[in-house]
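Here the structure comes first, spelled out in structure tokens, and everything after it is commentary.
The values are calculated or read from the model by the stated rules, or taken from the named source; none is laboratory data. Everything quoted here is computed from the prediction, not taken from an experiment. Heads up, the Cβs are rebuilt from the backbone with ideal geometry, glycines too, and the neighbour counts pull from every protein chain shown.
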Amino acid sequence: MLRAARHPVLAVALALALAGLLFEAGTAIVASPGAAVDRFADSWVYTAVELMAVVMCATRTVRRRADRTAWALITLSLAFWTAGDLIWTLWLDQLAHPPSPSAADVAYLLSYPALYAGLVLLVRARLRSTSAAEWLDGAVVGLTVAAVAAALVLSTVLANRSGRFWPDVVNLAYPCGDFIVLSLVAAGCMWARRPSRVWLLLSGAVITTAIADIVSVYEVATSSYVAGTLLDVFWPAAMTLVAFAAWASEPRRPRHRLAVRHTIVITLLAAAVALGLLVVAAFARLTPLAVGLAAAALVVATVRAGLTYLENVSMLRRRDRDAMTDALSGLGNRRALMADLDHAIAECAQDGAVHTLAFFDLNGFKRYNDTFGHGAGDALLSRLGRALAAGVQDAGRAYRLGGDEFCALLHGRLAPGARAIAAARSALHEDGTVVTVSTAVGLAVIPDDATTASAALRLADERMYADKAHASRAEARAVLIQVLNERTPGLLAHVAGVTELVSAVARGLALDPEAVDEVLRAAEMHDIGKLAIPDEILDKPGPLDEAEREFMRQHPVIGERILGAAPALGPVAKLVRSSHERWDGGGYPDGLAGEAIPLGARIVAVCDAYEAMISERCYQRARSREDAVEELRRNAGTQFDPRVVDALCRCLPELPASAVVGAARG
């Protein structure tokens, strides 16, 4: 919708311009009503329409700031053209033999650079983010349009030269000026992803003027020009289109770059036309300018094709890189890890190389996320990812699988205490006043532990979760041990003594490291249920009555419930529940017998009984180590597992006296 319609004077001016054009066209189409009417239409109505267009554009330049310089130049271009028409109407048309070239030609030709400069400024204001490919597309189309125009017109103009230098130069200047402006308009249509009403109206004006100029030059060159025809309406019509463009509304320019539309088809068509012109030039005479423009269009199209190839290669490389890269941390992702694992396994098969896959999972990350928010959590992951990459760069490559899971594929056969593993764990550790983030790790050696990528990843994942469970047990243990210490310091000392003995027996029975860890935790926690036993019962100097004894027997069950609240301590809780069962089935709380009692619980029972016998209690004096061993052997096969008793008796001589807490106290 035209902004001029909001102002009555401007609206009237546009209406009068349209009426003048209709009158001019009518007198050209209908049989001439008389010389006076023809002269009035061709001279005064014609000039009045042009003057109104100049005034409209000048008013727009004054009243609106946007693109003011560009529209001032376009207004100047219209003023030069109108001045040329006025010179012709008021002076040259009155002469029997007007000079050629004339002052009117000077005014006409001055309109071209002003118009070109104004259009360039409009293009620059709207295409600040145009890519190099789009500029080349526009150049190909513009050069092709100019080549076609030159091929159609210049050959005729040159063939009909008068032999006089300046008249011939002026006759050539008009089509050349039109070719340049047409090229800019064609290129601008390519550059504008969605041409606005302003640009479409300006394009229509330029095309209309170019058609009129080219046809008139051709008719003059062939001596077929006749004044007063419909062709004379084209110039004021073009100026009216410019006036409409000056006041046409324009959509708000987006802040962000829009998606580029596909212009390659138009570019290829233009290149094909340029190639066709060169083929025609081999069989027919074309002007050197047309051939040169067509050749330039093909050269630019070739550069455009090369640029497209490079862009496609870059895009494919970027896509492949993105497909193998974690966007948050910049590390390799799961796909990259699996590819590198396959390559490492192939290396193992070929030259015997050894690699270690380390799987890391952050401890405390969920609490960090909940405390500080997901934005801070993402920043932490990015920060730790960079630290991990720097920490293992000399030993291998780091990856982020997603969430708070990281991996590193390292050279060589590494153990959990290796320098590279320690560096990786240190990189994934961050102390804070509120939350401390650490890491659990699981290792899989290739090819010792696994010979496929999926098997190595699965094994490392399992071992990582075992390490995480160990860390969780350690945290829960620290809390419960502190509770025991606050509740009954003497009970804590007893627990420490039992744990020392259990450690020696478990290793003597060749238990695997995971089982040793579980039985040690059970030894530390086997009396945790006594936290619920009143001090009157726990510290009673004499024998317990039946009710007190039954209440006391509930402490393994209570201990299981306490430990069961921490999932990582689930296996330990089962050992604690069975730590007071007897080999002959006479124990509590479930009456289990023999091998039905977990081995860890049997170890705890033997070590607990031994430590109790050599410790000073309020209801009994401490026995000697020899008496305690004799008592254990006497009850082996009834109360205790004989194999566990033998293991304890074998390891006792190897233990220093200070290792047995009860003896030290006794």
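Test Ala510 against the stated conditions and say whether it is without any contact (Cβ under 8 Å) to a residue 12 or more places away in the chain and over 23 Å from Gln639 (Cβ atoms). So Ala510 fits the description; yes.
Please specify each residue of the stretch 111-139 satisfying the condition of being surrounded by 24 or more Cβ atoms within 10 Å (Cβ to Cβ) and at pLDDT below 80. Correct list: Asp137, Gly138, Ala139. Please go through the stretch 406-418 and pick out each residue that is surrounded by fewer than 13 Cβ atoms within 10 Å (Cβ to Cβ) and more than 20 Å from Val437 (Cα to Cα). Residue satisfying the conditions is Ala415 alone.
Evaluating Glu581 against the criteria (1) at pLDDT 90 or above; (2) assigned to a helix (DSSP H, G or I); (3) of a type outside the set (Gly, Ala, Ser); (4) crowded, with 22+ Cβ neighbours inside 10 Å leaves one unmet condition, (2). Just so you know, in the stretch 432-458 the residues that are among the hydroxyl-bearing types (Ser, Thr, Tyr) and not in a loop (DSSP other than H, G, I, E, B) include one that is surrounded by the fewest Cβ atoms within 10 Å (Cβ to Cβ), and it is Ser454. Screening Lys366 with (1) more than 30 Å from Ile180 (Cβ to Cβ); (2) loosely packed, with under 13 Cβ neighbours inside 10 Å; (3) at pLDDT 85 or above gives one miss only, at (2).
The set of residues in the stretch 282-306 being of a type in the set (A, V, I, L, M, F, W, C) and assigned to a loop (DSSP other than H, G, I, E, B) consists of Ala282, Phe283, Ala284, Leu286.
Condition check ((1) surrounded by fewer than 21 Cβ atoms within 10 Å (Cβ to Cβ); (2) more than 24 Å from Pro175 (Cβ to Cβ); (3) not assigned by TED's automatic domain parsing to the domain that holds Ala186) across all residues:
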position: Leu269; (1), (2), (3): yes, no, yes
position: Leu278; (1), (2), (3): yes, no, yes
position: Arg285; (1), (2), (3): yes, no, yes
position: Ala290; (1), (2), (3): no, no, yes
position: Ala295; (1), (2), (3): yes, no, yes
position: Thr302; (1), (2), (3): yes, yes, yes
position: Leu307; (1), (2), (3): yes, yes, yes
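Residue pairs, Cβ under 9 Å, 6 or more apart or interchain, first in the stretch 276-291 and touching a residue at least 24 places away in the same chain (Cβ under 8 Å), second part of a loop (DSSP other than H, G, I, E, B). List them. Short answer, once both residue conditions are applied: Leu277/Leu286; Val280/Leu286.
All of Ser155, Ser102 fail the test of being at pLDDT below 75 and either more than 36 Å from the chain's Cα centre (by Cα) or among the polar types (S, T, N, Q) (or both), apart from Ser155. Restricting attention to the stretch 584-616 and to residues that are of a type in the set (A, V, I, L, M, F, W, C) and touching a Gly at 6+ places or on another chain (Cβ under 6 Å), the residue that is surrounded by the fewest Cβ atoms within 10 Å (Cβ to Cβ) turns out to be Ala593. Scanning the stretch 460-475 for residues that are part of a loop (DSSP other than H, G, I, E, B) and either in the same structural domain as Pro416 (by TED's automatic domain parsing) or at pLDDT 80 or above (or both) turns up nothing. Testing Glu347 on (1) within 24 Å of Ser426 (Cα to Cα); (2) of a type in the set (D, E, K, R); (3) part of a helix (DSSP H, G or I), one condition comes back false. Which one is that? That leaves (1) as the condition not met.
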